[in-house]
1. Which members of segment 76-102 meet the condition of being of a type in the set (A, V, I, L, M) and under 20 Å from the mean Cα position of the chain (by Cα)?
2. Does segment 66-75 contain at least one residue that is within 25 Å of Leu102 (Cα to Cα), under 14 Å from the mean Cα position of the chain (by Cα), at pLDDT 90 or above and of a type in the set (S, T, N, Q)?
3. Just the residues that are touching a residue at least 24 places away in the same chain (Cβ under 8 Å), assigned to a helix (DSSP H, G or I) and either more than 18 Å from Gly44 (Cα to Cα) or not assigned by TED's automatic domain parsing to the domain that holds Ala55 (or both), please, taken from segment 67-119.
4. From (1) modelled with pLDDT under 90; (2) within 22 Å of the chain's Cα centre (by Cα); (3) surrounded by 13 or more Cβ atoms within 10 Å (Cβ to Cβ), pick out the condition that doesn't hold for Asn14.
Amino acid sequence: MIYASPRTPRIARNPAARAGLVVAVAAACAAAPANADQYNMGAGIWDCGKVISVANGENQSEIGQLVGWILGFWSYATHVNDDAFVDTVEEVGGRSIVDITLARCDEADPETRLHVVAYSMVVNTE
């Protein structure tokens, strides 16, 4: 039995309602066609103008989001590339990857999105 406090939403207290909600959500998701080949979130959608402004700023939360996004993007890339790519990433190291990515963004058009810069770098890494 599920414990329900008086503040627990009614749907959470009713197993049949939860099951119906799950079916409805699954049906809605299955019926909706994909609109894009990818979906970027967080700092990846920032343009390079904002990226450089954040990198040079003092907002530790935004800097953390930026660095985390870059490292996460490159970490994922090691899962979908060959061993030579992984070796290169390990040799270069996280700090240098962040610095180089920021430098490339600084050289790009200020309206270029960070994910475009990072993807270009991954594709061109030997």
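The values are calculated or read from the model by the stated rules, or taken from the named source; none is laboratory data. Model, not experiment: these values are computed from the prediction. Here the Cβ is made from the backbone with ideal geometry for all residues, glycine too, and neighbour counts use every protein chain on show.
1. Here is the first cut: in segment 76-102, the residues of a type in the set (A, V, I, L, M) are 77, 80, 84, 86, 89, 92, 97-98, 100, 102.
Hits for segment 76-102 are Ala77, Val80, Val86, Val89, Ile97, Val98, Ile100, Leu102.
2. Just the residues of segment 66-75 that are within 25 Å of Leu102 (Cα to Cα), to begin with: 66-75.
Those still in the list that are under 14 Å from the mean Cα position of the chain (by Cα) too: 66-75.
Checking which are at pLDDT 90 or above leaves us with 66-75.
Keeping just the survivors that are of a type in the set (S, T, N, Q) gives 75.
Yes.
3. Selection gives Ala84, Phe85, Thr88, Val89.
4. Single failed check for Asn14: (2).
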